[in-house]
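See structure below.
The values are calculated or read from the model by the stated rules, or taken from the named source; none is laboratory data. Remember, it's a predicted structure, so these values are computed and weren't measured experimentally. Here Cβ is always computed from backbone atoms with ideal geometry, including for glycine, and neighbour counts include all displayed protein chains.
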Amino acid sequence: MELKSHRLTTCEVTTDGQLILLGLADAAGDAATIGLSTDQAGALGMTLPGLIEQARRKKFGDRALCFADRLASRQYNALPIRKRE
């Protein structure tokens, strides 16, 4: 099944925290929802900046274009390093 999204309509988390739901609408206004596990959403979040950069470079024919995000809006925590025994 292929859905070409025209608009992102909603973003929410299920009550049990198992899925991130993204509501989409196509050009005709027909709605669809995609549910991603937190692992899938995390992988997508790490992959999207590179894909956005690649798409913009192709769209505008400029290899110098890059994707910039406001990192101040994110929080990254370093995990403690555990020594293997």
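One line per residue, one yes/no per condition, for (1) surrounded by 12 or more Cβ atoms within 10 Å (Cβ to Cβ); (2) assigned to a helix (DSSP H, G or I); (3) acidic (Asp, Glu); (4) modelled with pLDDT of 90 or more:
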{"position": "LEU8", "(1), (2), (3), (4)": "no, no, no, yes"}
{"position": "ILE20", "(1), (2), (3), (4)": "yes, no, no, yes"}
{"position": "ALA27", "(1), (2), (3), (4)": "no, no, no, yes"}
{"position": "GLY35", "(1), (2), (3), (4)": "yes, no, no, yes"}
{"position": "MET46", "(1), (2), (3), (4)": "no, yes, no, no"}
{"position": "GLY50", "(1), (2), (3), (4)": "no, yes, no, no"}
{"position": "ARG57", "(1), (2), (3), (4)": "yes, yes, no, no"}
{"position": "ASP69", "(1), (2), (3), (4)": "no, no, yes, no"}
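Hey, does the range 72-82 have a residue that's at pLDDT below 80, among the aromatic types (Phe, Trp, Tyr) and surrounded by 11 or more Cβ atoms within 10 Å (Cβ to Cβ)?
The answer is no, given that none of the residues of the range 72-82 is at pLDDT below 80, among the aromatic types (Phe, Trp, Tyr) and surrounded by 11 or more Cβ atoms within 10 Å (Cβ to Cβ).
Of all residues in the range 1-47, which are more than 16 Å from the chain's Cα centre (by Cα) and among the charged types (D, E, K, R)?
Scanning the range 1-47 gives GLU2, ASP16, ASP26, ASP30.
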